[in-house]
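Here is the structure we will look at, set down as structure tokens.
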Amino acid sequence: MPEIPPITAKIPAPRTTATSLPQSTGPSAWRLLLRRPLFWMASIILLIMLAFAIAPAPFAGLFGNGDPRACDLADSKVESAPGHPFGFDLQGCDIWAGAVYGAQASITVGLLATGIALAIALVMGLLAGMGGGIADWIVSRLTEVFLGFPFLLAAIVVLNMFGTRNVLTVGVVLGVFGWPMMARLMRASVRSVARADHVLAARTMGLGVGRIVTRYVVPNAVQPVMLMATLTIGGVIVAESTLTYLGIGLSSPAISWGLQIAAGSRVFQTAPHVLVLPSIMLAVTVLAIVALGEELRTVFDPRERR
């Protein structure tokens with residue numbers, strides 16, 4: 001009787017698509033990131049601004065008395081004075097001290113709003129990507145509703161309902177309206193990861209949904225959303241300054257770059273120096289955040305290096 005040859009099954013190689021490219025998170029990616037000068041420049045600037053926000057008093061005392069509320073009308077709109085190289089504003093307050101303390105409110109709003117938006121986006125994107133069906137339909141329609149309202153216009157309408165607008169209220173409102181784009185990205189990333197071979201193998205082995213989500217899906221799907229959140233911080237800081245400039249964001253006695261820019265714009269023709277320092281700090285901070293986000297995306301997203 002002739003011998004029957006064994007039947008062998010050839011396992012096809014995993015498919016790699018544009019949306020499921022493996023992301024570089026190993027030591028090589030970090031070494032590449034540490035060799036990029038723009039990453040170090042942006043990081044140093046952000047560390048300085050974070051130091052201003054965490055402990056403003058020592059830095060505010062470098063030039064002048066260090067107290068942004070120690071004002072003297074006799075110094076109103078003075079361009080510079082001994083110990084006060086950046087001059088005084090309309091109320092006679094030291095501009096340098098105000099700009100240093102202003103970092104605290106502006107950066108706190110940016111981090112708070114982005115954290116809230118990121119948390120909502122992760123939950124919504126995970127529900128839509130893993131649940132599918134009715135869950136995906138509900139999240140998609142809800143996302144479209146929020147995207148239908150312009151971001152700043154929606155924030156203006158809601159903030160006008162508050163009698164007192166502080167860091168908490170402004171941060172929460174901006175966070176509630178800032179999640180839809182990150183949620184869409186999270187949904188697409190989750191759906192891509194859920195079709196990966198290792199996730200299908202985990203389902204075949206009988207692992208529970210909770211374990212699959214926490215161990216395999218979320219760690220692999222969250223990276224592009226985190227990169228987008230880094231860029232969102234800069235956008236939120238600009239949004240807060242814009243709302244404050246329009247008189248709808250933070251209000252006194254808060255100290256922020258937006259309030260300083262609004263005050264400086266009213267006396268720009270007679271005292272342009274009042275507007276310069278807070279504007280520079282705002283622009284430098286936002287540019288550093290954007291540069292850092294772009295550097296992280298370039299290094300950790302292989303599609304950017306192709």
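Quick rundown of the values:
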quantity: Estimated distance in nm for a label pair at residue 195 and residue 76, the labels positioned 7 Å out from Cα along Cα-to-Cβ; calculated: 6.7 nm
quantity: The chain: calculated mean residue ellipticity at 222 nm from DSSP helix runs of at least 4, using -39500 (n - 2.57); calculated: -20000 deg cm²/dmol
quantity: Label-point separation in nm, residue 176 to residue 149, each point 7 Å along Cα→Cβ; calculated: 0.7 nm
quantity: Computed over region 121-190: relative contact order in percent, which uses C-alpha pairs under 8 Å that are six or more apart; calculated: 57 percent
quantity: Mean Cα-pair separation over length for the chain, i.e. relative contact order, pairs under 8 Å, 6 or more apart, %; calculated: 24 percent
quantity: Positive-pole candidate from 103, 152, 180, dipole of the chain, charges at beta carbon; calculated: 180
quantity: Segment residue 44-residue 164, extension gain: residue separation times 0.36 nm, minus the distance between their alpha carbons; calculated: 39.7 nm
quantity: Mean separation of Cα contacts under 8 Å, 6 or more apart, over the residue count of region 64-131: relative contact order %; calculated: 24 percent
quantity: Å³ per residue enclosed by the Cα convex hull of region 116-197; calculated: 79 Å³
quantity: Most positive-pole-ward Cα, 93, 112, 68, against dipole of the chain from beta carbon charges; calculated: 112
quantity: Fully extended contour minus Cα-Cα distance, from residue 69 to residue 269, at 0.36 nm per residue; calculated: 69.6 nm
quantity: Chain lengthening between residue 215 and residue 62 when straightened (0.36 nm per residue, less Cα-Cα); calculated: 50.2 nm
quantity: 0 to 90° range, to nearest 10: angle between helix 37-54 axis and the chain longest Cα axis; calculated: 60 degrees
quantity: Globularity index of region 73-129, i.e. its alpha-carbon radius of gyration over 2.2 N^0.38 Å; calculated: 1.96
quantity: Solvent-accessible area, 1.4 Å probe, carbon plus sulfur percent, for the chain; calculated: 68 percent
quantity: Å² per residue, accessible surface of the chain at 1.4 Å; calculated: 54 Å²
quantity: Degrees separating the helix 95-126 axis from the principal Cα axis of the chain, which is the longest one; calculated: 20 degrees
quantity: Kirkwood-Stokes translational diffusion coefficient of region 216-306, alpha-carbon pairs, 25 °C, 0.890 mPa s, µm²/s; calculated: 163 µm²/s
quantity: (1) 43, 37, 18; (2) 29, 25, 18; (3) 49, 23, 13, with the label sought being that of the calculated semi-axes √(5λ) of the Cα gyration tensor in Å; calculated: (3)
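The values are calculated or read from the model by the stated rules, or taken from the named source; none is laboratory data. Computed from a predicted model, the values in this text were never measured in an experiment. Because the Cβ atoms are built from the backbone with ideal geometry, glycine has one as well, and the counts that use them run over all protein chains shown. Areas reflect the complete protein model, heavy atoms only, side chains present, ligands, DNA and RNA absent. Shrake-Rupley method; radii C 1.70, N 1.55, O 1.52, S 1.80 Å.
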